[in-house]
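Some notes on the structure that comes next.
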Amino acid sequence: MFKIFILLFFSTLTLSADTQPFWWGVGHAAFQVEGSPADSDWSEWAHNPEHIADGNNADKGTDFWNHPEEDFRLAEELGAKMFRLSIAWERVEPAPNQFNEEALTRYENMLLKLREHHMEPMVTLYHFVIPNWLAKEGGLISPRFVDYFSEYELKVIQRLSNGPAKVRWWMTMNEPLVPVVAGYVIGLFPPGKKNVSEAVEAAKNLVKAQNQTMKLIHEDKNLPSDLQVSLAYHWRDVQAEGFGPLNFVARYFANKLANTWFLDSISPSTSLNYLGINYYGRYVLHLDWKPPFLRVDEGEGPKTDLEWTIYPEGLGHSLEEIYKLYHLPILISENGIADSQDIQRAEFIKSHVAEIKKAREKNIPVIGYLHWSLTDNFEWAEGLKPRFGLVEMDYKNMKRIPRKSFEVYKEIIKNGL
Ligand code: BGC
């Protein structure tokens, strides 16, 4: 009798492990695809052609705002189980504390459509863009930023989790340090500053915003108890060479700056349900005893159209390191390549997925892979030139043309890990 009980117990365990879906999918962000933008820091910024490498703006995007179903149909055909998209804060809150019901309903209907195509929505609430009224009040360094941010986020989560779209998977923010560095150190993103002390203030505000949002979510007893909330963090595999046994010291500090400082400050293991990781490559520190002492690049290897070095092994290293540090299920929330000729994309996907497979064999709980991106889209300061899509956009007529790598990814999804 006891034996039968034990057998039954273990077969249920195996069953539940096997039935956990691996979240194959794709992702994109509102401002990069929607078109018809509302008034935001980015809509104003992109209207100055000097700010965008190819002089384009995001006014048309891929017209996703008007035709979301076409992309849902393509993603379903691909075999995607999850579709990551973002909400444009500026549409939902066009003036301070005034929420636009019409915009919320439109997103709700969009998500319901997505569900009709048998995919789970993953919703990002802040993907680089803020309403212009907030930008004019000081943006990320406004003394009211943290309150505005967390109140907006709670409002949308309440509405779309409890409503018919039943959104369960959330990302409070995408790559928080990117708008900080690009907007306040390099000056490539709005507000176009080069001011390190403001950058520090902006980063600290994003930490506070994240912590306050998580607190509000945890305190709200009317929210469904099975929400999966995290952020998407841009993680690089950091390596150092040139200082022999002292490399690890340089590596420690660079890794802290690029990767762990922000995550440690938001105590991920106590507040998040999983960890979203965007992986695009590595940083290599080349150290020298002579001037200039330090040079940073992305190391040797094949390059993408944007000259980023392709380095799949770094995903493997990163997964091990991240899991050791934070003990959370990891979802690869972005990984992709600018490759207009579609020459390298198929191999890029295969080699990165192989790293995920290896990590899972080492019992690192990687729960999904969302390729960036389904279609070509507006690549921020670079404009429309870089082509990240599994599906090519013909911007003249907004036609979507699946590339060869679309078929390859489809096959990978079909065969599973
Ligand atoms: C961002 C995306 C961007 C992608 C490629 C990520 O940093 O989240 O919005 O398109 O990288 O640059």
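The values are calculated or read from the model by the stated rules, or taken from the named source; none is laboratory data. Owing to the predicted nature of the structure, the values given are computational and were not obtained by experimental measurement. Here Cβ is always computed from backbone atoms with ideal geometry, including for glycine, and neighbour counts include all displayed protein chains.
Just wondering, is there one or more residues in region 130-144 that are within 16 Å of the ligand (Cβ to nearest atom) and touching a residue at least 60 places away in the same chain (Cβ under 8 Å)? Break it down stepwise before answering.
So in region 130-144, the residues within 16 Å of the ligand (Cβ to nearest atom) come out as 130.
Then drop every residue that is not touching a residue at least 60 places away in the same chain (Cβ under 8 Å), which leaves 130.
Looking through region 130-144, at least one residue is within 16 Å of the ligand (Cβ to nearest atom) and touching a residue at least 60 places away in the same chain (Cβ under 8 Å).
Would you mind listing the strands (runs of 3 or more DSSP E) fully within region 310-414 where at least 2 residues are at negative phi and surrounded by fewer than 22 Cβ atoms within 10 Å (Cβ to Cβ)?
Working: elements: 330-334, 366-371, 391-394, 399-402.
In region 310-414, 391-394, 399-402 are the strands (runs of 3 or more DSSP E) which contain 2 or more residues that are at negative phi and surrounded by fewer than 22 Cβ atoms within 10 Å (Cβ to Cβ).
Among the listed residues Glu355, Glu379, Glu411, which satisfies the condition of being out of contact with any helix residue (DSSP H, G or I) (no Cβ under 8 Å at 6 or more places or on another chain) and not hydrophobic (A, V, I, L, M, F, W, C)? Step through it out loud before you land on a result.
Details: Glu355 fails: out of contact with any helix residue (DSSP H, G or I) (no Cβ under 8 Å at 6 or more places or on another chain); Glu379 fails: out of contact with any helix residue (DSSP H, G or I) (no Cβ under 8 Å at 6 or more places or on another chain).
Of Glu355, Glu379, Glu411, the one residue that is out of contact with any helix residue (DSSP H, G or I) (no Cβ under 8 Å at 6 or more places or on another chain) and not hydrophobic (A, V, I, L, M, F, W, C) is Glu411.
Does Tyr252 satisfy being farther than 29 Å from His28 by Cβ, more than 16 Å from the ligand (Cβ to nearest atom), aromatic (Phe, Trp, Tyr) and at pLDDT 95 or above? Break it down into steps so the answer makes sense when it comes.
Numbers: farther than 29 Å from His28 by Cβ: yes; more than 16 Å from the ligand (Cβ to nearest atom): yes; aromatic (Phe, Trp, Tyr): yes; at pLDDT 95 or above: yes.
So Tyr252 passes the test.
So in region 170-225, with the set limited to residues that are within 16 Å of the ligand (Cβ to nearest atom), farther than 25 Å from Leu331 by Cα and β-branched (Val, Ile, Thr), which one is surrounded by the most Cβ atoms within 10 Å (Cβ to Cβ)?
Val185
Can you pull out every residue in region 317-343 that is under 23 Å from Trp380 (Cβ atoms) and among the hydrophobic types (A, V, I, L, M, F, W, C)?
Leu331, Ile332, Ile337, Ala338
Taking region 277-309 as the search range and keeping residues that are within 16 Å of the ligand (Cβ to nearest atom) and hydrophobic (A, V, I, L, M, F, W, C), which one is surrounded by the fewest Cβ atoms within 10 Å (Cβ to Cβ)? Lay out the reasoning, then the answer.
Initial filter on region 277-309 (within 16 Å of the ligand (Cβ to nearest atom)): 277-283, 298, 303-309.
Imposing the further condition that a residue be hydrophobic (A, V, I, L, M, F, W, C) reduces the set to 277, 306, 308.
Numbers: Ile277: 24, Leu306: 14, Trp308: 17.
Residue satisfying both the conditions and the ranking: Leu306.
Quick one: Ala258 ticks every box in (1) within 16 Å of the ligand (Cβ to nearest atom); (2) loosely packed, with under 13 Cβ neighbours inside 10 Å; (3) small (Gly, Ala, Ser) except a single one, so which number is it?
In the conditions (1) within 16 Å of the ligand (Cβ to nearest atom); (2) loosely packed, with under 13 Cβ neighbours inside 10 Å; (3) small (Gly, Ala, Ser), Ala258 misses (2) alone.
Just to be sure I understand the filter: pairs with C-beta atoms under 8 Å, separated by 6 or more residues or on different chains, first member in region 170-181 and over 20 Å from His218 (Cβ atoms), second member assigned to a helix (DSSP H, G or I) and within 10 Å of the ligand (Cβ to nearest atom). Which pairs pass?
none
Go through the residues of region 265-285 one by one and say whether even a single one is over 28 Å from Leu125 (Cβ atoms), among the hydrophobic types (A, V, I, L, M, F, W, C) and free of Cβ contacts under 8 Å to residues at least 12 places away in the same chain.
no
Only one of Tyr126, Tyr107 is closer than 16 Å to Trp170 by Cα, away from the ligand (no atom under 16 Å from the Cβ) and of a type in the set (Ser, Thr, Tyr). Can you tell me which?
Numbers: Tyr126 fails: away from the ligand (no atom under 16 Å from the Cβ).
None of the others qualify; the one that does is Tyr107.
Could you grab the pairs with beta carbons closer than 7 Å, sequence gap of 6+ or different chains, first residue in region 245-256 and of a type in the set (Gly, Ala, Ser), second one outside any helix (DSSP H, G or I) and surrounded by 15 or more Cβ atoms within 10 Å (Cβ to Cβ)?
Ala250/Ala240; Ala250/Phe243; Ala250/Leu285; Ala250/Leu287; Ala254/Val238; Ala254/Ala240; Ala254/Tyr283; Ala254/Leu285
Which condition breaks for Asp41 when tested against (1) surrounded by fewer than 24 Cβ atoms within 10 Å (Cβ to Cβ); (2) touching a residue at least 24 places away in the same chain (Cβ under 8 Å)?
(1)
Considering only residues that are among the polar types (S, T, N, Q) and more than 16 Å from the ligand (Cβ to nearest atom), look in region 226-245 and name the one that is farthest from Trp170 (Cα to Cα). Lay out the reasoning, then the answer.
Step one: list which residues in region 226-245 are among the polar types (S, T, N, Q), which gives 228, 230, 239.
Those left that are additionally more than 16 Å from the ligand (Cβ to nearest atom): 228, 239.
Numbers: Gln228: 6, Gln239: 31 Å.
Once the filter is applied, the top-ranked residue is Gln239.
Check every one of the helices (runs of 4 or more DSSP H) wholly within region 1-71 and list those with 2 or more residues that are within 16 Å of the ligand (Cβ to nearest atom) and modelled with pLDDT of 95 or more.
Details: elements: 2-19, 30-33, 41-46.
Correct list: 30-33, 41-46.
Anything in region 235-255 that is crowded, with 19+ Cβ neighbours inside 10 Å and closer than 28 Å to Val146 by Cα? List them, or say none.
Trp235, Arg236, Ala254, Asn255
Please go through region 358-388 and give me each residue that is closer than 18 Å to Glu321 by Cβ and charged (D, E, K, R), ordered by number.
Correct list: Lys358, Arg360, Glu361, Lys362.
Does region 84-97 include one or more residues that are more than 16 Å from the ligand (Cβ to nearest atom), in contact (Cβ under 8 Å) with a residue 12 or more places away in the chain and more than 20 Å from Ala38 (Cβ to Cβ)?
Checking region 84-97: not a single residue is more than 16 Å from the ligand (Cβ to nearest atom), in contact (Cβ under 8 Å) with a residue 12 or more places away in the chain and more than 20 Å from Ala38 (Cβ to Cβ).
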